[in-house]
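Take a look at the structure set out below.
Bear in mind that the values in this text are calculations on the coordinates, not laboratory data. This structure is a prediction, so every number in the text was calculated from the model and none was measured. When we count neighbours, we look across all protein chains shown, and the Cβ atoms used for this are built from the backbone with ideal geometry, even at glycine.
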Amino acid sequence: MAVATEEVKSPPREPLFGKKERKAVFDPLWENNPITLQILGICSALAVTSSLQPTLVMAGAVTAVTALSNLIVSLMRTLIPPRIRIIVMLAVIASLVIIADQILKAYLWEASKQLSVFVGLIITNCILLGRAEGFALQNKPWPSFLDGIGNGLGYSVVLITIATGRELLGNGTLLGYQMVPPFLYEMGYKNIGLMLLPPGAFILLGLLIWVQRSLSHKYEEN
C-alpha cells in the first residue's frame, strides 16, 4: 500500500529588484534626496563644484564608497557589537576612502590634484555614516548595496547640477568646451564670476532646495 507523502514547499524567493529594492534606489533621487531634503553632504556640494570634471569624479567616488560600505556593514551586521558599531563603520568607510584615493591618484592624477584633500574628506560625509547606521545595520546585503547606490546617485545629481550651473555661468564652458557662443561676448555678455566663488554655490544650492521642496510640497514646519 503506497503511503502518501506531503510535498515540502520551499519558501518563495524574494525578487531581486522588488518594490523595496526599487525604493532604495529611486527614492534618494527625488523623494528623499540626501542633500536637498536630508541636508547632508553640504560641504562637498559647495567645495568641489566650481567645475564639472572634478565633480563627476567626486560623485563617482562617493557613490562607490557609499554602496560598498553599506554592503560590508550589512554583511558584518550580526558580528558587530553594538557598543563599537560606530568605530567599526568608520574603519570600513576610512579603508574604502583610502582605496578610492589611491585609485584616483593612479589613474586620474589630474582630477585627483584638483580635488586635493576633498577625496580624503569623504569619510566626514554624513551620508555614508548615516546610511550605514540607519539602513545597512538593519537590512540584508543586497538592499543595503542598492540603498548605497541610490543615495550616492541622489548626491551626485545635486552636485552635477550645481557644477553645471557654476561652470556654465562662471566660465561659459562645460568640461572645458566653450558653450557660450562668441557673438554673445561681442554683444556685451559677461560671465558671472560670482558663480566660481563659494557664494555662487550657496545661491545655486539654495535655489535647488527651494525648487525641489516646492515641487514635492515638502516644507519645514515651525
Practice problem: Determine the gain in length on full extension of the stretch residue 174-residue 124; use 0.36 nm per residue of separation and subtract their C-alpha separation, reporting nm with one decimal. | Solution: 15.1 nm
Self-check item: Alpha-carbon centroid distance for the pair segment 57-129 / segment 172-222, whole angstrom
Solution: 29
Self-check item: Residue-span extension gain [residue 39 to residue 138] - 0.36 nm each, minus C-alpha spacing
Solution: 33.4 nm
Practice problem: Would you kindly state the longest site-free stretch of the chain, with sites defined as chymotrypsin sites (Phe, Trp or Tyr not before Pro) in a DSSP loop (not H, G, I, E, B) surrounded by at most 15 other Cβ atoms within 10 Å? | Solution: 31-188
Self-check item: Mean Kyte hydropathy of -0.5 or more with a Cα span along the axis of at least 18 Å, helices from DSSP in the chain
Solution: 52-75, 85-107, 141-171, 198-216
Exercise. Please say if segment 20-211 is rounded, prolate or oblate, where rounded means a/c under 1.5 for a ≥ b ≥ c the square roots of the C-alpha gyration tensor eigenvalues, and otherwise the choice is prolate for a/b larger than b/c and oblate otherwise?
Key: prolate
Quiz item: Sorting 55, 78, 63, 173 on the 10 Å Cβ count, fewest up front, what's the list?
Solution: 78, 173, 63, 55
